[in-house]
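**Student:** Sharing a structure below in C-alpha cells format, with a few things to ask.
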Amino acid sequence: MKTFIPAVLLIFIIGNIWSVDIDSHQFIDHIRNITEPRRPEIFENGVLFTASSSHRRVGISFAHENYGRVHWFRQLLVPRDSADFWVGGRFDRNLEPYIDSGIMFHFEPIPPNITNMDYRLVIDGLWMADPLNPVSVTRPSGVVESRVNLPPQAVPVPVQAGMYRFSFRGAPGETITVAGDFNSWDPFMFALREISSGYHTLTLPFPPGRFVYTFFHRGEQFPNPANPRRLYTREGNVISEGIVH
C-alpha cells in the first residue's frame, strides 16, 4: 500500500494538468525538464507558474477574475532513480517510487480578450508580487501586482472569403507545420511563420466548404488547441475541422 499512494498522487496531478489543457502533448515532458522554479512562461495556450516546494503552500489570484478566487499550486512528483531501489544487493519494494522535484506549479489558460495577465501570489499566508517575475505594475491603491505580457490571441478564423488563417501560440523559436486532407497530410509542405514571440500563423486559400487538419511539432501531431471543432480519425487521433465560407 505504501508504494501505491505516491503513484496515485502522480496520476492525480497529471490528470489535472490534462484537464486544463488536454491538447498539450508536450506539457508533461516540458514541466518535468524544469530543474528549478523560474519566471512565468507562456506555453501553448496558457501560462505556467512555478514556485519552490520548500514553501508550505503557494496560491495565485488573477486580475481577470477580479481576485475572486485563489488557485493553489500543485506539487510535481518525479520518478525515483531505479538504482535507488537496490540496497545491499536487494530490491527494496517499500521505497516510495516518486520523490519531490522541488517544484510546485500552476498552469493558467489564457482567457480571451486580455493583453496582460496581472496576478498576485499568496506564499505561506502572505500576499505578495511574484519574486521570480521582474515585471510588475503598481495600482493607484499602491498594491504591486506581477504581470505577464501576452502575445496576440491565437484564434483560428477565416480572414476573408476563400482564405483561412491557421494560428498557434507556443514557445518562441519553434517550427510548427500544418497538414490535412488539402495536401495529402504532408507534414513538411506548410510551415507557420512566427510573426511575434511564440505566435505562429499561416494563411492559405481554400474553396468554400469544410476541411480537416492537424499541427505538427517535433515529430508529433496534435489538433489546434484554439479550435473547438474536433473530429476523430479511424485510428482514434483527434484532428481539427476548418470551415471556409
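**Student:** Which ranges mark the strands (runs of 3 or more DSSP E) fully within segment 15-69 that have 3 or more residues being over 10 Å from the mean Cα position of the chain (by Cα) and at pLDDT 75 or above? It would help to see each step written out before you state the result.
**Tutor:** Working: elements: 41-43, 46-52, 58-62.
Passing ranges, in order: 46-52, 58-62.
**Student:** Please return the ranges of strands (runs of 3 or more DSSP E) entirely within segment 70-135 where 3 or more residues are modelled with pLDDT of 90 or more. Outline the logic, then answer.
**Tutor:** Numbers: elements: 74-79, 98-109, 116-123, 126-128.
Strands (runs of 3 or more DSSP E) meeting the threshold: 98-109, 116-123, 126-128.
**Student:** Looking only at strands (runs of 3 or more DSSP E) that fall completely inside segment 147-245, which ones have 2 or more residues that are surrounded by 12 or more Cβ atoms within 10 Å (Cβ to Cβ) and at pLDDT 85 or above?
**Tutor:** Of the strands (runs of 3 or more DSSP E) lying wholly inside segment 147-245, those with at least 2 residues that are surrounded by 12 or more Cβ atoms within 10 Å (Cβ to Cβ) and at pLDDT 85 or above span 163-169, 177-180, 199-205, 209-217, 220-222, 230-232, 238-244.
**Student:** Of the numbered conditions (1) closer than 22 Å to Glu108 by Cα; (2) assigned by TED's automatic domain parsing to the domain that holds Gly46; (3) free of Cβ contacts under 8 Å to residues at least 12 places away in the same chain, Val144 fails exactly one; give the number of that condition.
**Tutor:** The single condition Val144 does not satisfy is (3).
**Student:** For segment 54-67, enumerate the residues that are over 14 Å from Asp118 (Cβ atoms) and either of a type in the set (Ser, Thr, Tyr) or free of Cβ contacts under 8 Å to residues at least 12 places away in the same chain (or both).
**Tutor:** Across segment 54-67, the qualifying residue is only Ser54.
The values are calculated or read from the model by the stated rules, or taken from the named source; none is laboratory data. What you see is a predicted model; the values in this text were computed from it and never measured. Glycine gets a Cβ as well: all are built from the backbone with ideal geometry, and neighbour counts include every protein chain shown.
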